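Each reported figure results from applying straightforward, stated rules to the coordinates on display, with no laboratory input. All values derive from a computational prediction rather than experimental measurement. Neighbour counts run over all protein chains shown; Cβ positions are idealised from the backbone, glycine included.
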């Protein structure tokens, strides 16, 4: 999270840390992302977090044995105190496109149910008509994560530091939703083959400074429903441009969850 | 010197015919035809000396025991008969014809020329005697006849009367009606009927003959023709016949044999009886507290059954097993098969646990019996109840916790979404 603040424990009780250790690669590949708790057994995240990192175009999930989900986690140094769960099943969206990140959404079923409490609670899915249309431009949402908080650091530095350059304490930032056309134009005017589809929305500031970044993927972009005062997951951290996170005129791109409510219900077998 | 004639037809002529017959002559012809035929005789020519009462010459026609006619002369006068055109018919298959002439003849007389033929007897028309006639149907044929019976009857070995097969009638119900065959029409002849009533040991059979009773009898001899005899264990009743009903007979046994015999004559309407059986009485039973017994009777006897059931909210408890009802039966020795069970109030027992929820009892002393109420709650604020926010269950009559909305299903406690226990910081305007 760029330009964010330290969260307090219990601010984001749905926030999950998803740690992946891909044993199929030598040396072992390790990375992480975020997810959002939907129920006692299901966590929503981005498909690219759980996609096997082979350098080809196949979209297959990592082996479920290599995934650990942490809940009620505030400081990543205290993982032992968190609620951890192994995984029973991983479902990547069938149409997830590795080229343009269209349909970047996935589900993780926990092997053992979690018990709800002060630090573990699910986030809501869009259910009302106005929520199912997707977030309106300029609406403010919150997004949290343990990803990069210093935009100047490079990926090589992160890896060489043993990921110590990442945030230990969960960070959060408040971002406005950007007019879809503006974001689309912004990306399509650049060199490179960017595609902002109808399954995505953008959030961020024209002037930069606040943004999500590497390691925040899969975390929920939540907006509070003005009627029920409940927090609803409207987006999932998906991707951004090649520039530094939080750069001017660079918006973060989020999976538009409202387009996938039926898909989630079908896959989880519940409403 | 008799001439034996056995052909089915033939001719008989006086001696020397057509010349005059000799004086002082006597000849006999015996005509025999098979049974079932008669003999018809007629004269084509007749010319005998006439005398008072045919004292001199005559032709006499007779059967074995009866004279049919005596003819003489040429024509019939006041005292003598000549056959003329008249044919003589024998009653049976035999006819004898005797010709006699005395020692002198006043004139020349040419004698007679007679012919005979066998004629079939229609026994169906002629046998009016009840002892000989067919009981149901009669069929004539040339030389004889035979009898047949209506459907359901069998021709008796006398080839005349029609009997019925009625030797294997078994009654096993506790009550019933028995009648002679065809009642109230006359019962079949030549029949021996057996009616058995066989009930379980412990029953006592009572027979009750209806007043309408008609069995052939004799004014002086006891039931020589038709009769009913009843055997009940070691006892025997009857024979019964006549028009006076035997009325009510208490046999004091569970096995009765009724034999009915009819001979080959008579037209009597028969009999009808109803029978009932009762067993040893059992003591009266009282319904349990909060229960009832059905059917409720003033008296219970062998085989009677009562069903014990309990009022709504109570269960029958017998030998530590609960059930909706319990049945007992009156035994042949006059005791009940079981004691009356007690009625125990239905108990839903401890309500099932609700995941992420808990139960509160709405009734004092945490009662779990019939009509007690409980309420399920979810662990607030992290779980909420679905489908409703409250779930009240009442212990029903079947001993199950039941809610109006969900029946016996439990509600579920679902996680509350989107509500952090710790409120997020307010929005800071830029």
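Full extension of the segment from residue B:390 to residue B:141, taken as 0.36 nm per residue of separation minus the current Cα-Cα distance, would add 79.5 nm.
Once the Cβ-Cβ distance of residue B:218 and residue B:276 is raised to the sixth power relative to R0 = 56 Å, the FRET efficiency obtained is 0.95. The stretch B:292-362 and the stretch A:190-212 have Cα centres separated by 76 Å. Note on residue B:104 and residue A:80: the model spin-label points, each 7 Å out from Cα along the C-beta direction, lie 18.1 nm apart. Applying 1/(1 + (r/R0)^6) with R0 = 45 Å to the Cβ-Cβ distance of residue A:58 and residue A:229, what FRET efficiency is obtained, to the nearest 0.05? Rounded to the nearest 0.05, the efficiency is 0.55.
Over chain B, calculate the relative contact order: mean separation of alpha carbon pairs under 8 Å at least 6 apart, over the residue count, as a percent.
Values: 1026 pairs, mean separation 40.6, N = 430.
In percent, rounded to a whole number, it is 9.
Relative contact order (percent) for the stretch B:208-258, with alpha-carbon contacts under 8 angstrom and 6 or more residues of separation? Once normalised by length, the contact order is 41 percent. Give the distance, in whole Å, between the Cα centre of the stretch B:5-47 and the Cα centre of the stretch B:231-247. Taking the Cα centre of each part, the stretch B:5-47 and the stretch B:231-247 sit 64 Å apart.
Label point of residue B:81 set 7 angstrom out along Cα-Cβ; within the stretch B:21-44, amide nitrogens under 14 Å from it belong to B:41-43.
With a/c under 1.5 counting as rounded, go ahead and sort the stretch A:163-236 into rounded, prolate or oblate using the C-alpha gyration tensor (a ≥ b ≥ c being the square roots of the eigenvalues; past the cut-off, prolate if a/b is larger than b/c, else oblate). It is oblate, given that a/c is not under 1.5 and a/b is not larger than b/c.
Find the relative contact order for chain A and round it to a whole percent, using C-alpha pairs within less than 8 Å whose residues are 6+ positions apart. Each step should come with its number before you reach the end.
Numbers: 664 pairs, mean separation 64.1, N = 271.
Answer for chain A is 24 percent.
Using a Gaussian network model on chain B with a 10 Å cutoff between Cα atoms, which of B:143, B:279, B:84 fluctuates the most? Evaluated over chain B, the most mobile residue of the options is B:84. Considering only beta bridges that DSSP places wholly inside the stretch B:88-208, some 70 percent are antiparallel.
Once every DSSP H run of n ≥ 4 in chain B is given -39500 (n - 2.57) and the sum is divided by its residues, what mean residue ellipticity at 222 nm do you get, rounded to the nearest 500 deg cm²/dmol?
Result for chain B: 0 deg cm²/dmol, rounded to the nearest 500.
Per-residue extension of 0.36 nm, minus the Cα-Cα distance of residue B:159 and residue B:211, leaves a gain of 15.3 nm for this segment.
For every helix of n ≥ 4 consecutive DSSP H residues, a contribution of -39,500 (n - 2.57) applies; sum these over chain A, divide by its total residues, and give [θ] at 222 nm rounded to the nearest 500 deg cm²/dmol. Before the final figure, lay out each step's value.
Values: 5 runs with 31 residues, N = 271.
One gets -2500 deg cm²/dmol as the mean residue ellipticity at 222 nm.
Of the beta bridges in chain B, as assigned by DSSP with both residues counted there, near 95 percent are antiparallel.
Taking square-rooted eigenvalues a ≥ b ≥ c of the alpha carbon gyration tensor, is the protein assembly as shown rounded, prolate or oblate, where a/c under 1.5 means rounded and, failing that, a/b exceeding b/c means prolate?
Numbers: a/c = 7.12, a/b = 3.23, b/c = 2.20.
Prolate is the answer for the protein assembly as shown, as a/c is 1.5 or above and a/b outweighs b/c.
Between residue B:234 and residue B:89, take the C-beta separation as r, use R0 = 56 Å, and let me know the FRET efficiency to the nearest 0.05. Plugging the Cβ-Cβ distance into 1/(1 + (r/R0)^6) gives 0.35. Quick check on the stretch A:114-271: take the gyration tensor over C-alpha atoms, sort the square-rooted eigenvalues as a ≥ b ≥ c, and tell me if it's rounded (a/c under 1.5), prolate or oblate. Verdict is oblate for the stretch A:114-271.
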